[in-house]
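Structure below; questions to follow.
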Amino acid sequence: MQLREKKLPRREIELAAQTFRRLCDTHSALFIVNDDPDLARACDADGVHVGQDDSSVADVRGILGSEAIVGLSTHSKEQIEASASADVDYISVGPIWETPTKQGRPAIGLDLIRYAADAVDRPFFAIGGIDASNAAQVVDAGARRICVVRAIRDAEGPTVAAEELRDAFTPLGEAAPGG
């Protein structure tokens with residue numbers, strides 16, 4: 001579970017982070033904070049996810065240490081290749097499709113997912129505009145992990161939406177993530 005909030009005042013984000021931490025502990029889930037290693041440390045998050053224009057991975061490691069989970073956003077083959085030498089635990093690849101959660105960031109399409117599936121030797125998450133109507137395409141392109149926001153947050157039935165997303169992994173013949 002990732003807390004990604006960029007607009008609220010710091011104190012409100014800290015309060016939300018405390019709630020996220022409790023919920024993640026209750027459900028044995030990992031808790032990641034977006035962009036802010038100081039917040040991650042303050043709220044005892046399991047790690048932080050940074051973008052290309054955020055704190056450097058080296059700086060994040062200096063703040064959180066080697067045991068923290070560190071993720072990095074990538075948007076091109078060059079960024080994926082550069083991540084191979086970075087001290088990150090996972091990368092995200094996207095946005096696959098345009099999405100309001102990444103305004104101004106052009107969609108990269110499924111070809112970059114195919115590239116990552118062949119080139120990346122660590123976990124990667126496909127992200128950006130994924131929902132139940134297109135998740136199977138993302139899996140077919142080689143993704144084994146996905147990140148979503150609106151597909152669950154904005155769904156009339158979040159549980160059903162999550163199940164439909166998980167079902168996209170069924171053709172792999174493997175245990176579905178979280179299942």
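Pairs needed: first member in region 1-19, touching a residue at least 40 places away in the same chain (Cβ under 8 Å); second member anywhere, β-branched (Val, Ile, Thr); C-beta distance under 7 Å; at least 6 residues apart or different chains.
Within 7 Å, the pairs are 2/32; 3/33.
Quick one: what pairs do we get from region 112-126, first residue touching a residue at least 24 places away in the same chain (Cβ under 8 Å), second surrounded by fewer than 23 Cβ atoms within 10 Å (Cβ to Cβ) and among the charged types (D, E, K, R), C-beta under 6 Å, 6+ apart or different chains?
Close Cβ pairs (under 6 Å, with a partner that is surrounded by fewer than 23 Cβ atoms within 10 Å (Cβ to Cβ) and among the charged types (D, E, K, R)) amount to 115/77; 125/145.
Do you know which residues across region 55-106 are open to solvent by 50 Å² or more (accessible area, probe 1.4 Å), of a type in the set (D, E, K, R) and in contact (Cβ under 8 Å) with a residue 24 or more places away in the chain?
77, 81, 87, 89, 98, 102, 105
Restricting attention to region 107-127, and to residues there that are open to solvent by 70 Å² or more (accessible area, probe 1.4 Å) and in contact with a Gly (Cβ under 8 Å, 6 or more places away or on another chain), which single residue is nearest to residue 61 (Cα to Cα)? Walk me through how you get there before you give the answer.
In the first step, residues of region 107-127 are kept if they are open to solvent by 70 Å² or more (accessible area, probe 1.4 Å); the result is 111, 114, 118, 121.
Next, from what is left, pick out any that are in contact with a Gly (Cβ under 8 Å, 6 or more places away or on another chain): 114, 118.
Values: 114: 29, 118: 27 Å.
Out of the qualifying residues, it is 118.
If you take the residues of region 142-153 that are in contact with a helix residue (DSSP H, G or I) (Cβ under 6 Å, 6 or more places away or on another chain) and surrounded by fewer than 19 Cβ atoms within 10 Å (Cβ to Cβ), which of them is nearest to residue 103 (Cα to Cα)?
The selected residue is 149.
Separate question: Based on this model, can you work out whether residue 52 counts as over 17 Å from residue 72 (Cα atoms) and either within 17 Å of the chain's Cα centre (by Cα) or open to solvent by 30 Å² or more (accessible area, probe 1.4 Å) (or both)?
In short, no.
Right, next: When you go through (1) in a helix (DSSP H, G or I); (2) modelled with pLDDT of 95 or more; (3) not charged (D, E, K, R) one by one for residue 95, which number turns out not to apply?
(1)
The values are calculated or read from the model by the stated rules, or taken from the named source; none is laboratory data. A quick note: this is a predicted structure, and the numbers were derived from the prediction, not measured. As a convention, Cβ positions derive from the backbone with ideal geometry for all residues, glycine included, and neighbour counts pool all protein chains shown. Just the protein is used for accessible areas: all its heavy atoms, side chains included, with ligands, DNA and RNA removed. Shrake-Rupley method; radii C 1.70, N 1.55, O 1.52, S 1.80 Å.
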